[in-house]
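Student: Would you mind keeping the following structure in view while I ask a few things?
The values are calculated or read from the model by the stated rules, or taken from the named source; none is laboratory data. Keep in mind that this is a model prediction, so the values were computed, not measured. Cβ coordinates were reconstructed from backbone atoms using ideal geometry, including for glycine residues, and neighbour counts include every protein chain displayed.
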Amino acid sequence: MAASGGTKAVVAALAANLTIAVFKFIAWAVTASSSMLAEAIHSVADSGNQVLLLVGGKKARREADEQHPFGYGRERYVYSFIVSIVLFSVGGLFALYEAWQKFKDPHGIEGRWWWVPLAVLIGAIIAESLSFRTAIIESNHVRGKQSWSKFIRTAKAPELPVILLEDLGALVGLVLALCGVSLTLITGNGVFDALGTACIGVLLVLIAIVLAMETKSLLLGESATAEHVAAISDAITHDGDKLIHLKTLHLGPEEILVAAKVSVTDQSTGEHIAATINAIEIRIREAVQLKCVIYIEPDIFVASPNANLEK
């Protein structure tokens, strides 16, 4: 559900941004508005980011091989991190540079095409709103009762949080551009256009930083969610088996590594231990609807605090 929903949201955002980018460039060409140029580059950056997310999703589906025995699921995290870099550099820093140039030489929006930026921005707001709506609907399928901020912080599939933040940033940026262009048309003072451009740049830089921080955590390796860890623990101990300690790691958004040490008695035979491990693996796979790579180590429980820890 998360993978298909994320792909649907990415494709919707890509279609919207490609269309919007063309009209923004046209508006910039006939008015020389720096806000329009910043927004056009913003849409180009977003479109490139969505292509990167689709490429990352495709590459992540490759089967495990000798060099990558746990598969390529984390490619989705790598490409999401690249997205944050592109958004920061191409989107945010370019907008700040363009704002600086406009501050040095402010000029109003003149000529018979003055209405074009307003029409483009209003149309872009409508298109981005539809894209944002799709991202919200698809996110709600997997968000559950989490708040939006917690969902973005804890989501293991990166596509939906990335698209949510990009679409939110795009909508706010369009409103800022609309304010800057409108005030420039009313007053004839190009400083307002430059201010709108600067605000867009700051907004994109902040969103890129948030994305980079969240994706970095996924790249480093996050454990399964608290709900999944609890379900795994319950599955292990369901038939009276004692859990000594448990470690989990996301190998990709829909795949986790489970490493557990369970207690056996000193009278247990090899056959009994093997049957116990097999039963535990079955219960874990039934309890967690994710692809699981499971390693169970039997040990004899000792009450000493550090006696059973891995060395």
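Student: Does D46 satisfy being within 22 Å of the chain's Cα centre (by Cα) and acidic (D, E)?
Tutor: So D46 passes the test.
Student: If you go through segment 234-256, how many residues are over 30 Å from R61 (Cβ atoms) and small (G, A, S)?
Tutor: 1
Student: Would you point out the residue of segment 105-137, among those that are modelled with pLDDT of 85 or more, over 17 Å from V22 (Cα atoms) and among the β-branched types (V, I, T), that is surrounded by the most Cβ atoms within 10 Å (Cβ to Cβ)?
Tutor: Ranking the candidates gives T134 first.
Student: Which residue, of A260, A230, is of a type in the set (G, A, S), touching a Leu at 6+ places or on another chain (Cβ under 6 Å) and not assigned by TED's automatic domain parsing to the domain that holds E166?
Tutor: A260
Student: For the condition within 24 Å of W28 (Cα to Cα) and among the β-branched types (V, I, T), what is the one hit in V78, V120, V142?
Tutor: Residue meeting the stated conditions: V120.
Student: Okay, next question. Restricting to segment 237-271, name every residue that is surrounded by 14 or more Cβ atoms within 10 Å (Cβ to Cβ) and in contact (Cβ under 8 Å) with a residue 60 or more places away in the chain.
Tutor: I244, H250, L251, G252, P253, E254, E255, L257
Student: Separate question: Kindly indicate the residue of segment 49-72 that is out of contact with any Ser or Thr (no Cβ under 9 Å at 6 or more places or on another chain) and in contact (Cβ under 8 Å) with a residue 60 or more places away in the chain and also farthest from P161 (Cα to Cα) among those meeting that condition.
Tutor: F70
Student: (1) among the basic types (K, R); (2) surrounded by 15 or more Cβ atoms within 10 Å (Cβ to Cβ); (3) over 14 Å from the mean Cα position of the chain (by Cα): which one isn't true of K145, the others all being true?
Tutor: Failed condition: (2).
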